[in-house]
Amino acid sequence: AAGDDVFSVPRVPVQAKAESATAAKESAQSQGRRRAMDILLRRLTAEEDWGYLPTLSTGAAAGAAADGSGKTPISISARDLESLESGFEVYGEKSSSATYRAYITYRFKPDGVRRLLKTARLPYSDAQKRRALVLPVLQTDSGVYLWEGNTPWMAAWKARPYTSELTPMVTPLGDVEDAGMISARGALALDSAGLAKMASHYNVSQVIVA
């Protein structure tokens with residue numbers, strides 16, 4: 001069950017306007033579902049094979065054609081997409097008489113998505129590695145920053161969870177204890193001692209300096 005987290009796409013922002021609140025909600029949720037599947041398929045497959053994937057969020061078909069390798073382009077109808085969804089969760093919902101806005105976590109059926117990729121003969125990976133800690137270092141003309149309040153770069157990493165990626169990623173708390181282990185410049189210099197302390201503190205197998 002833990003591996004099924006890979007088939008979840010968390011907190012996709014959706015927004016739509018229509019003649020009624022109900023129509024706007026349905027349009028936004030459909031829009032988000034397409035975008036979520038785009039994210040999921042590209043998460044599982046190699047970038048060299050993305051040409052065989054449709055871009056559902058724009059309605060564009062896969063650009064690559066079938067070739068001698070046996071790989072074939074994927075096509076997903078609206079009905080197919082709904083059948084691949086196992087559920088969704090809505091956050092921060094806001095609506096009016098004609099608009100709808102929210103964040104939606106979409107969950108897809110692992111066996112159905114695997115079958116889709118196998119039929120197209122596209123190699124894929126759905127095995128999660130151990131989680132990684134991300135240290136978002138902000139570089140500006142006036143200096144480098146990591147623990148100085150909630151910088152825009154740190155806020156960007158905290159804005160949505162990365163727990164469903166093939167390499168799950170978490171961000172640090174940014175408290176006094178963290179600041180005592182490594183500085184922004186130490187992180188940029190890949191200070192092995194400081195990074196090792198952070199890895200041990202957060203019980204992760206790797207630290208990524210972004």
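The values are calculated or read from the model by the stated rules, or taken from the named source; none is laboratory data. This is a predicted model, so every value here is computed, not measured. Glycine also receives a Cβ, built like all others from the backbone with ideal geometry; neighbour counts cover every protein chain displayed. In case anyone asks, the SASA skips ligands and DNA or RNA and just uses the protein heavy atoms, side chains included. Shrake-Rupley method; radii C 1.70, N 1.55, O 1.52, S 1.80 Å.
The stretch between residue 26 and residue 99 holds 25.2 nm of extra length on full extension. This uses 0.36 nm per residue minus the Cα-Cα distance. In the complete set of protein chains, residue-level accessible area for residue 97 is approximately 100 Å², probe 1.4 angstrom.
Ignoring lysines fewer than eight residues from residue 25 along the same chain, the ones with Cα atoms less than 26 angstrom from its Cα are 17, 94, 109. Taking 23 Å as the straight-line reach from the Cα of residue 197, the lysines in range (excluding those fewer than 8 positions away in the same chain) are 129, 158. Loop exposure criterion: trypsin sites (Lys or Arg not before Pro), DSSP state outside H, G, I, E and B, at most 14 other Cβ atoms within 10 Å. Applied to the chain, the longest stretch between such sites is 1-120.
For the chain, the share of accessible area belonging to carbon and sulfur comes to 50 percent (1.4 Å probe, ligands and nucleic acids excluded).
Average accessible surface for the chain: 54 Å² per residue, computed with a 1.4 Å probe over protein heavy atoms with every protein chain in place. Accessible area ranking (1.4 Å probe, heavy atoms, ligands and nucleic acids excluded), largest first, for 202, 106: 202, 106. For the stretch 152-207, the convex hull spanned by the alpha carbon atoms encloses 92 Å³ per residue.
Volume of the convex hull of the stretch 1-127 (Cα atoms only), normalised per residue: 97 Å³.
On full extension, the segment bounded by residue 5 and residue 139 gains 44.9 nm, given 0.36 nm per residue less the C-alpha separation. Taking all Cα-Cα distances within the stretch 47-90, those exceeding 13 Å account for 61%. Backbone amide hydrogens, once placed in the peptide plane, bring residue 206 within less than 5 Å of 133, excluding anything fewer than 5 places away on its chain. With r as the distance between the Cβ atoms of residue 114 and residue 189 and R0 = 45 Å, compute the FRET efficiency 1/(1 + (r/R0)^6) and round to 0.05. Efficiency for this residue pair is about 0.60. Model label points for residue 67 and residue 206, set 7 angstrom from Cα along the Cα-to-Cβ axis, are 2.7 nm apart.
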